[in-house]
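Below: one structure, written as C-alpha cells.
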C-alpha cells in the first residue's frame with residue numbers, strides 16, 4: 001500500500017522533499033496523475049506528496065508588476081478571478097478551455113505546467129505573457145523564466161527536492177494586444193491539435209516594438225517562436241511579408257504526426273494562426 | 001489510516017488505499033452503482049459526483065483527498081424533483097449511462113444559475129458526453145426544471 005502525506009505548510013513539504021529527493025510523486029488536482037496511475041499501475045509511486053492542503057500554494061495576489069498565482073490554484077478560480085479577466089484575458093480564456101468545468105474545478109495551473117505535456121492548454125498564454133516561475137526548495141527559492149522550464153519532451157528544469165510554488169505574470173505593456181486560439185476537434189474536453197497565444201506591442205506609428213508567441217502541440221515541448229519574433233521587431237505591419245513569416249514559423253516549430261493531427265496540417269494551421277495574430281484579424285478567440 | 005467522509009448525508013469510512021479512486025470506493029464499497037465508469041480518464045463525465053458542492057469526475061479523485069468531504073452521488077438527489085420530472089417529460093434519457101452525471105452537472109449548474117441561459121447550460125454540461133440523445137432534450141429538460149421554456 002502506498003503512503004500518502006498531506007502537509008499543511010510549505011516548509012513541511014519542502015523538508016520531506018529534501019529528505020527523500022526524487023522519492024515522492026507530487027499530486028494536487030490529480031486530473032493527469034490519476035489517469036496515469038490507473039492506466040499504468042505498475043508505475044504506481046510508493047510515496048505520494050499531496051500538496052492540495054498547502055495554503056502558500058493557493059490563491060492569487062496582485063503585485064506591483066503583475067499577479068502571483070499559487071501553483072495549486074485551480075483553473076476554475078483563475079478563470080473567474082476579476083483581475084485575471086481584466087488584465088490577463090488570455091489566461092482566463094485558456095483556463096476555460098482546459099477540459100471542462102469538472103476538470104477545471106480540480107486541475108491546477110502549476111500542475112498543467114509541471115505535467116509538461118507538449119499540448120498543455122495554459123502553456124502558450126504563459127509564454128506569451130512572459131511568466132516566470134517561483135521554485136521552492138528547503139534551502140530557498142529561485143526564479144526561472146517560464147520559457148526556460150521545458151527542456152525536452154516531458155522534461156522540466158525542476159531539480160530533485162524542488163517544488164513549483166507560484167507563477168508570476170507581469171502586466172502586459174500598455175499598447176499591446178493579445179491573441180489566443182486553441183484548435184481542437186470539439187469545443188470542450190479536446191486536446192489541442194495546435195494552440196497559440198501572442199502578445200504584440202505596437203507604437204503609435206504602427207511599428208512592432210515587441211512580439212512574443214507561445215505555442216503548444218507543435219513541438220516536443222510548449223515553445224516560443226524566436227525567429228518570428230525577431231523578424232517582426234521594428235517592422236510596420238504593412239512591411240511584413242507573409243512568406244517570410246511562414247518560413248520562420250517552419251524554423252521555430254517541429255510538429256509531429258499523431259492521433260490528433262498530421263505534421264502538414266499543424267504546420268499550415270500554425271502559420272495561419274501566427275499571421276492572424278500579427279494582423280489582428282480577430283482577438284482572443286475562445287474556441288473553434 | 002481510514003478516510004472519513006459524508007456520502008449522501010451519511011458518515012462513511014473507507015480503508016482503501018489513499019490513491020484508490022473515489023469512483024471505485026463509491027461503486028464497490030458503498031454499492032452506489034449509479035456512478036458509472038465511462039472513459040476512466042475524466043473526459044466523459046459518467047462518473048461525475050459533487051464534492052463539497054462542486055462537480056468533479058470521481059475517476060480522477062484520490063480517496064486520500066476526501067477526508068471530511070461531503071459527497072453527493074445520483075442516489076443522494078431527491079427521487080422526485082423538478083429536475084427528475086423534466087428529464088422524464090423531455091425524453092432526456094435514453095440508454096441511461098450518462099444520466100446520473102448529467103443530473104449532477106445540472107444540479108451544480110442550477111445551484112449557481114437558477115435561470116440559466118442556453119449558453120450556461122451548454123457550458124455547465126460540457127464535461128458530460130451523451131452518445132444517444134444528442135443533448136437537445138437534456139438542455140430542454142434543464143431549462144424546464146429551471147422554470148424556463150423547453151424550446152431549446
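Computed over chain A with a Gaussian network model linking Cα atoms closer than 10 Å, the most mobile of A:57, A:133, A:233 is A:233. Computed from Cα positions, the angle between helix A:263-279 and the longest principal axis of chain A comes to roughly 70 degrees. Comparing A:243, A:187, A:128 in a Gaussian network model of chain A where C-alpha atoms under 10 Å apart are linked, the largest mean-square fluctuation is found at A:243.
Expressed as a whole percent, the proportion of Cα-Cα pairs in the protein assembly as shown lying more than 31 Å apart is 44%.
Each residue, residue A:43 and residue B:118, gets one label point 7 Å from its Cα in the Cβ direction; the gap between the two is 4.3 nm. Here is the tail figure for chain B: Cα pairs spaced more than 25 Å apart come to 26 percent of all pairs. Direction-averaged projected area, Cα convex hull, the range B:54-109: 4.5 nm², rounded to one decimal. Computed from label points 7 Å out along Cα-Cβ, the spacing between residue A:230 and residue B:39 is 4.0 nm. Over the range B:3-76, the pair-distance histogram of Cα-Cα distances with 5 Å bins from zero comes to 4, 19, 32, 31, 13, 2 percent, rounded to whole numbers. State log₁₀ I(q)/I(0) for the range A:80-198 at q = 0.12 Å⁻¹ as given by the Debye formula over alpha-carbon point scatterers of equal weight, solvent excluded. Scattering profile of the range A:80-198, log10 relative to I(0): -0.44.
Please label the shape of the range A:1-122 as rounded, prolate or oblate, based on the square roots a ≥ b ≥ c of the eigenvalues of the alpha-carbon gyration tensor (a/c under 1.5 means rounded; beyond that, a/b larger than b/c means prolate, else oblate). Oblate, because a/c is 1.5 or more while a/b does not exceed b/c. In the elastic network of chain A, a GNM with C-alpha springs shorter than 10 Å, the most mobile of A:46, A:56, A:268 is A:46. Shielding of peptide B:39-45 by partners, expressed as the average count of other chain Cβ atoms within 10 Å per residue Cβ, is 6. Modelled spin-label separation between residue A:139 and residue A:243, with each label point placed 7 Å from Cα along the Cα-to-Cβ direction: 5.5 nm. For the range B:82-145, the alpha carbon convex hull comes to 68 Å³ per residue, rounded to a whole number. First check a/c for the range A:67-130, with a ≥ b ≥ c the square roots of the eigenvalues of its C-alpha gyration tensor; if it is under 1.5, answer rounded, and if not, answer prolate when a/b is larger than b/c or oblate otherwise. Cα axes put the range A:67-130 in the rounded bin. Return the whole-Å distance between the Cα centroid of the range A:261-282 and the Cα centroid of the range A:83-129. Here the answer is 20 Å between Cα centres.
Against chain B, whose longest principal axis is taken from its Cα atoms, helix B:99-112 shows a tilt of about 80°.
Label zone of residue A:204 (point 7 Å out along Cα→Cβ, amide N under 19 Å): in the range A:233-266 this covers A:234-237. Roughly what % of Cα-Cα distances in the range A:176-279 sit above 21 Å, to the whole percent? Considering the range A:176-279, 31 percent of its Cα-Cα pairs are separated by more than 21 Å. Using only Cα atoms, tell me the angle between helix A:10-19 and the longest principal axis of chain A; keep it within 0 to 90° and round to the nearest 10. That works out to roughly 80 degrees.
Counting Cβ atoms of other protein chains within 10 Å of each Cβ in B:66-79 and taking the mean gives 0. The value of relative contact order for the range B:3-76, using C-alpha pairs under 8 Å at least six residues apart, is 42 percent. Ordering of A:77-85, A:15-23 by packing is A:77-85, A:15-23, highest average first (other Cβ atoms within 10 Å, averaged per residue).
Coordinate-derived values only; no laboratory data. Just so you know, these numbers come straight off a predicted model, no measurement behind them. So basically every Cβ, Gly included, is an ideal-geometry build from the backbone, and we count neighbours across all protein chains shown.
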